[in-house]
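See structure below.
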C-alpha cells in the first residue's frame, strides 16, 4: 500500500515532533506569548509544554493497550463513528495548522524578503514546495528534518548569542508576570500550540516500538519547548515587554539587531534561508498528516495523488483571511481554544475508553516490543 | 560553327531552361512502415522457407549417405580384413546421423531459429548452420578451417574461429598440431566414436580450458568470445577450446583517479584481467566472481564480485536478480547497465561508485559491498553506496586521519560552493543588497556600473562559457585540451571584463564555482551538482534567498528519499546508524573496528577493539622506565 510510511527510529521521531513545534518561533507567537504573560512568557512556554507530556504518557498507555495508528486505535476503542469523528478532527487540525503557518510564512516573506511579489504567488509557491516535499514521503521529511535540525538550531542559537551585548536582565523582572495563577492559566490555555507533539500518534506503526514513540515524543517536545523558552527569554531581555509584545516578526527583528562590526551586520537576510526551510517543512508535514488521515479515513489505496489537491485546498484556505492582523488573531484564537480542546478531549476520551475496555477485559493485552 | 551569339544563346538557355540532372538520384533510406517488428526472437519462419530448409537438410544427409556407401563399397571391393573395423565405424556414424532425419526432428530444426539449433552429427550440416549464423561468405573475419584427423578411418573435422580474436600461436601449437599430427597416437584402438571428443580433450588438446557445447547458442558465445570451436564429423557436439588472444590494453596508470599515494594500477578492457587485478589485491578464497551474460545480441559478460562470508546474501541475490532481469539486445557500457538496474534512473545523483582502481574496489568489497564489471569496460561499479562515499578519495586512508578529514570537509565545502555561490550572488544582488557590508556593496555596484546586462545574464553567459571550455577541453585530445582550457578561460575572462560584458566579480565567482566542482572526487557527483546549480540560479533570480532555501530543502528531501540498491542514500546520517568514523570525519585506521552498519554484513567486526596488539606487549629491547 503506498500510504505506508516506512520505519523510523528515535532520531526521525524527535525530528518530526520538533519540526511541528518549531516553525511558530519564527512567526508572531513569541510576541503573542509576551503580550499574554509579559515577563513570565518564557516560563509559561514550559508550562504550556507540561500537558503534552501527560498526553504522551496517556497515549503510550493507549497504544500499549491498542496498537495502531490514530484511525485504527479510535476505531477499536470508539467504534466506527467515533473513529470518523476523531480522524476528521485530526484532519481539521492538520489542515488548519498548515494553512495558518502557510499564510504567516507567506506574509513574512512578503514583508522581509520579496515585497514586490504578488501575495497569491508567494502562497502558491509555498504550497507547491510543501506539496513536493510531502510527495517525497514521510521518511524523506523525517530524515530531511533530522539532517537540517542541527543547522536550524545552531542558526537560531547563533543569533541569540550574538545579541548578548543587548541583553538586559532587568527586562525579565518581575519574573512572575501577572502572577502565578494567571500565568499558569495562560500556559495551560495555550498548550494547544504543542499539539504537534502528538504527531507520532498518527504514525505510531511506523515507529519501532512504544518506547521509541514515547521517548521520541518526549525528547522532541522537550527540545522544542526549551528552544522556545530560550528564544522568548532572549527576546524579552533584548526588547523588553512593551516593545516585544508589539513586534510582528520577533526572530527577524532580533537578527536585524545583530551588529558585531561593520563587516558583520544586517545578517537577517541570510537567516531567511533558515526560517523558510523550517516553515516549508512544517507546512509539508502538516499537509502530509492531513492527507494521510484522509487516506486512512476513506480507506484509499494511495496517498500521493491526493497531495496536490490537499495543497490546493490548504493554499485556498490560507488566502481566506483578509489581512495578516486577522491571521495572527485567528492563529492565537485557534491555538488557544480549538487545538487545546482537541488535545485534552481526544486524549482523555481515548484514555478513558482504553481504561474501561482494558478493565472489562474486552481488549486483551497485546504484548508490545518493550514489554 | 558556333558564333558568339549562338554561345550566348546556349548559355542563356542553360541558365533559364530546366534540364533534369544526368546524375543518379541520391540515396534515401526508406522508412518501411510495413516492416514487422521482430523483437527478441518472437519471429516465425514462413512455411515455404521451412520446407526448403527441410529439403536442404535431407539433401545434405543424402550426400553423406552416398559418401559413406561409396567408401564402404570401395573398402569391401578391396577385400582386406583390416577394413572391417573401419567399415563398422562408418556405418555407426551413418546410423547416428540418421536420427537427425526423423520427420519430427527435421520439422523442429526447420522451424527453430538458427541459433537455437543443436549441433549436428553431419559436418556439412554444421557448416551450413555456421554459414547462416556468420553470414558467410560476406563475413570475412570468421575462419572455417577443414582438417582431417589421422584416425582409422580418417575423420573430417572443422575448426572455427574469429580472426583477430584468437592467439595464432595457441591455435597452431595447442590445436592444429596435436590434432593433425598426434591424434592417431593417442587414440585407443578400441575407442568408440561416442567418446572420441572426450579422448581428444583428455589426450590431444593441451589448452587450459576446453568445454563441450551441444547447442549453437553456446557455440556462438564461445566463438564470439575468442574460443575456437572444433566440429568432428559424426559427433553431435562441438568442442570449445580457449584460444582467446585479442589485443588488449595492458594494466595502465589510472587516468581519472590519480593519487599521490597508494596503488598505481587501473582496470583495463579485459574482464578477466580486471577480475585478476582484484584477486591479486584481495587474495581470499572467499572472494566470489559470478559471471552473467547481458545483451540478447552481444552476450556481454558481466562479473559480480563479492566476499561470500561478508556481503549480505539478500543484497547479492537482489543484484543478481536485477542483472538477470535486464532484457536488451546490446550492452556496451557499464553506465548504461547501471541505469538499467538502479533504484532511481531518472535522478541525477549517482547511485553506484564508478572506479577504475582495483585497490578501491577491494576496500569496498572488504566492507561488504558488491562490485560488478562489464567486459570491455575499464571501470567497476560498487554498490550500495551512500552520498558521502562520493566525497571520499582513493588515498584517504593513506593519509593521517586529521589530514584526510580536512580534505573531506574541503570537498563538501567545494560542493556547496559549486551549488550555491553563483545563486547566492544573484539573490543578494537582486533582492538582499543589505546583507553585504557597505564597502563590498559599493565595490560590486562600481564593477557592475558599465555592464549593460542584468546580473542573471552575466552569470548565465559566464557559466555557459565555462561549461564550453570544460567540454571543449575534455574533447580535445591529450595535453592540448588542458592548455586550450586554461588559455581559453584566461582570454575569455579577461576579454569579457575588458569589453564590459561581465563584471570582474562574476568572473571570480564563476571561476571559484568551476574550480570547486573539480574538487568533488566523483565525476558523476560533480556533474549532478553542476547541473542542479542552474536550477538554483533560476530560483535565486526569481525568488532570491527564499528560492535558494526552497531549492536546498527540496534537494535535501530528494536525497533523503533516495536509495542505493535498497540502502538509504544519506546513511549513516539520515537514518542515523553507526558510521564507523568514516563518513566526513575519518578516524584513525586502527579505530575502524566495525563495518558500515547500513550494509548489514554477515560479520560486523573488521578488527578487534585493540588492533595494535604490540602496544600491549613489552618491547624486547630498550630499558624499562620505572
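The values are calculated or read from the model by the stated rules, or taken from the named source; none is laboratory data. This is a predicted model, so every value here is computed, not measured. No Cβ is skipped: glycine too gets one built from the backbone with ideal geometry, and neighbour counts run over all protein chains shown.
Tell me which residues, restricted to region B:555-588, are more than 30 Å from residue B:320 (Cα to Cα), crowded, with 24+ Cβ neighbours inside 10 Å and either within 11 Å of chain A (Cβ to nearest Cβ) or touching a strand residue (DSSP E or B) at 6+ places or on another chain (Cβ under 7 Å) (or both).
Matches in region B:555-588: none.
Restricting attention to region A:189-206, does a residue exist that is outside any helix (DSSP H, G or I), under 30 Å from residue A:87 (Cβ atoms) and touching a residue at least 60 places away in the same chain (Cβ under 8 Å)?
The answer is yes, given that some residue of region A:189-206 is outside any helix (DSSP H, G or I), under 30 Å from residue A:87 (Cβ atoms) and touching a residue at least 60 places away in the same chain (Cβ under 8 Å).
Which residues, counting only those in region A:110-141, are in contact (Cβ under 8 Å) with a residue 24 or more places away in the chain, closer than 22 Å to residue B:545 by Cβ and in a loop (DSSP other than H, G, I, E, B)?
A:113
From the list B:377, B:417, B:409, which one is at pLDDT 90 or above, in the same structural domain as residue B:352 (by TED's automatic domain parsing) and under 36 Å from the mean Cα position of the chain (by Cα)?
Of the residues listed, the single one that is at pLDDT 90 or above, in the same structural domain as residue B:352 (by TED's automatic domain parsing) and under 36 Å from the mean Cα position of the chain (by Cα) is B:377.
Considering only residues that are in contact (Cβ under 8 Å) with a residue 60 or more places away in the chain and assigned to a loop (DSSP other than H, G, I, E, B), which ones fall in region B:62-116?
Result: B:113, single match.
When you go through (1) surrounded by fewer than 24 Cβ atoms within 10 Å (Cβ to Cβ); (2) within 14 Å of chain B (Cβ to nearest Cβ) one by one for residue A:78, which number turns out not to apply?
So residue A:78 meets the others, but not (2).
Picking from B:189, B:207, which residue would you name as being modelled with pLDDT under 90, touching a strand residue (DSSP E or B) at 6+ places or on another chain (Cβ under 7 Å) and part of a loop (DSSP other than H, G, I, E, B)?
None of the other options fit; the residue is B:207.
Which ones in region B:550-574 are over 19 Å from residue B:369 (Cα atoms) and part of a loop (DSSP other than H, G, I, E, B)?
B:574
From the set of residues in region A:231-284 that are assigned to a loop (DSSP other than H, G, I, E, B) and within 14 Å of chain B (Cβ to nearest Cβ), which is nearest to residue A:28 (Cα to Cα)?
In this case the residue turns out to be A:271.
Could you go through region A:142-155 and let me know if any residue there is within 10 Å of another protein chain (Cβ to nearest Cβ), more than 19 Å from the chain's Cα centre (by Cα) and in a helix (DSSP H, G or I).
No, the conditions are met nowhere in region A:142-155.
Restricting the search to region B:237-254, which residues are within 19 Å of residue B:271 (Cβ to Cβ) and part of a loop (DSSP other than H, G, I, E, B)?
Of everything in region B:237-254, those that are within 19 Å of residue B:271 (Cβ to Cβ) and part of a loop (DSSP other than H, G, I, E, B) turn out to be B:243, B:245, B:246, B:247, B:248, B:249, B:250, B:251, B:252, B:254.
Given the condition surrounded by 14 or more Cβ atoms within 10 Å (Cβ to Cβ) and modelled with pLDDT under 90, answer yes or no: does some residue in region A:153-166 qualify?
no
Please indicate, with yes or no, whether at least one residue in region A:130-137 is under 22 Å from the mean Cα position of the chain (by Cα), over 22 Å from residue A:318 (Cα atoms) and buried (at least 16 other Cβ atoms within 10 Å of the Cβ).
Yes, that holds for at least one residue.
Inspect region B:377-384 for any residue being within 14 Å of chain A (Cβ to nearest Cβ) and closer than 30 Å to residue B:301 by Cβ and give the result as yes or no.
Checking region B:377-384: not a single residue is within 14 Å of chain A (Cβ to nearest Cβ) and closer than 30 Å to residue B:301 by Cβ.
Would you please name the residue that is surrounded by the fewest Cβ atoms within 10 Å (Cβ to Cβ), looking only at residues in region A:285-344 that are free of Cβ contacts under 8 Å to residues at least 12 places away in the same chain and in a helix (DSSP H, G or I)?
A:333
So, restricting to helices (runs of 4 or more DSSP H) that lie completely within region B:429-521, which ones have at least 1 residues that are more than 14 Å from chain A (Cβ to nearest Cβ) and closer than 30 Å to residue B:392 by Cβ?
So the answer is B:455-475, B:478-498, B:504-518.
If the requirement is being in contact (Cβ under 8 Å) with a residue 12 or more places away in the chain and more than 23 Å from residue A:348 (Cα to Cα), which of these qualifies: A:87, A:28, A:66?
The conditions single out A:28.
Considering region B:543-554 alone, what residues qualify as being more than 7 Å from chain A (Cβ to nearest Cβ) and under 16 Å from residue A:269 (Cα atoms)?
Once the filter is applied, which keeps residues that are more than 7 Å from chain A (Cβ to nearest Cβ) and under 16 Å from residue A:269 (Cα atoms), region B:543-554 yields only B:547.
Among the residues of region A:100-128 satisfying the criterion of being closer than 22 Å to residue A:250 by Cβ and facing chain B (nearest Cβ under 9 Å), which is surrounded by the most Cβ atoms within 10 Å (Cβ to Cβ)?
A:126
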